[in-house]
Amino acid sequence: MAKKTEKPAEKAKTNGDEPPAPQAGVPQQEAAQLNVLAQYVKDLSFESPAAPQSLQAPGQNPQLQVSVNVGAGPRPDDVYEVTLNVEVHAKNDAGVIYNVELAYGGLFRLRNVPANLLQPVLFVDCPTLLFPFLRRVLADVTRDGGFPPLMLDPIDFGRLYTQNLARAQGQAEAAPMN
């Protein structure tokens, strides 16, 4: 029979989810946290002024115009409200098919986010989390209005953020000095 030997206590193995052990004499910075506290339809308007005629025939030259804007503002206790505003205008040669205005909001608690990363988190990460839910609401509203569901393509909020930042910097540089 093989003799059983005792080994010194081994360190417990982890799957990487636990933070590394603190080192003596090194100040510890707490990890950044982003929590979704709530999501909601803040404002919704659907208009189909030509119904039911617009439902019977698609008309000539249908056109779809979509605009998306992101707004963010602080609330008490490290909470921020982020709102995605979407406007959709569908028309054809005969006139308006439908108009949709949707403001979809979310409340986020942000803790230990460095000041230089706060704006990118609010204008990139938070809208990215909200977008799939806004997309579903928009698809449901257009379908319930009698039209094919409008399925927006995914939006690269990071690219939009950098474009808007570059545009704002260009405008600031072009502004005349007094």
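Points to keep in mind about this one:
- Single condition residue 97 does not satisfy, out of (1) at pLDDT below 95; (2) in contact with a strand residue (DSSP E or B) (Cβ under 8 Å, 6 or more places away or on another chain); (3) farther than 23 Å from residue 49 by Cβ: (3)
- Within segment 148-157, the set of residues being surrounded by fewer than 18 Cβ atoms within 10 Å (Cβ to Cβ) and closer than 16 Å to residue 101 by Cα comprises 149, 151, 152.
- The listed residue being modelled with pLDDT of 95 or more and over 28 Å from residue 77 (Cβ atoms), out of 124, 137, 141: 141
- Residue check for residue 110: under 18 Å from residue 67 (Cβ atoms) and either modelled with pLDDT under 95 or surrounded by 13 or more Cβ atoms within 10 Å (Cβ to Cβ) (or both): no
- Candidates 68, 86, filtered to the one that is over 18 Å from residue 162 (Cα atoms) and not in a helix (DSSP H, G or I): 86
- First in segment 30-46 and more than 10 Å from residue 110 (Cα to Cα) and of a type in the set (Gly, Ala, Ser), second anywhere and in a strand (DSSP E or B) and modelled with pLDDT of 95 or more, Cβ under 6 Å, 6 or more apart: 38/107; 45/101
- Of the residues making up segment 131-178, those that are without any contact (Cβ under 8 Å) to a residue 24 or more places away in the chain, part of a helix (DSSP H, G or I) and of a type in the set (Gly, Ala, Ser) are 139, 166, 168, 170, 172, 174.
- Residues of segment 95-130 that are part of a helix (DSSP H, G or I) and more than 30 Å from residue 145 (Cα to Cα): 115, 116, 117, 118, 119, 120, 121, 122, 123, 124, 125.
- The set of residues from segment 83-104 being within 27 Å of the chain's Cα centre (by Cα) and among the hydrophobic types (A, V, I, L, M, F, W, C) comprises 84, 86, 88, 90, 100, 102, 103.
- Checked against the criterion of being crowded, with 17+ Cβ neighbours inside 10 Å and under 17 Å from residue 41 (Cβ atoms), the candidates 104, 161 yield just one match: 104.
The values are calculated or read from the model by the stated rules, or taken from the named source; none is laboratory data. Model, not experiment: these values are computed from the prediction. Every residue, glycine as well, gets a Cβ built from its backbone with ideal geometry; the counts of neighbours run over all protein chains shown.
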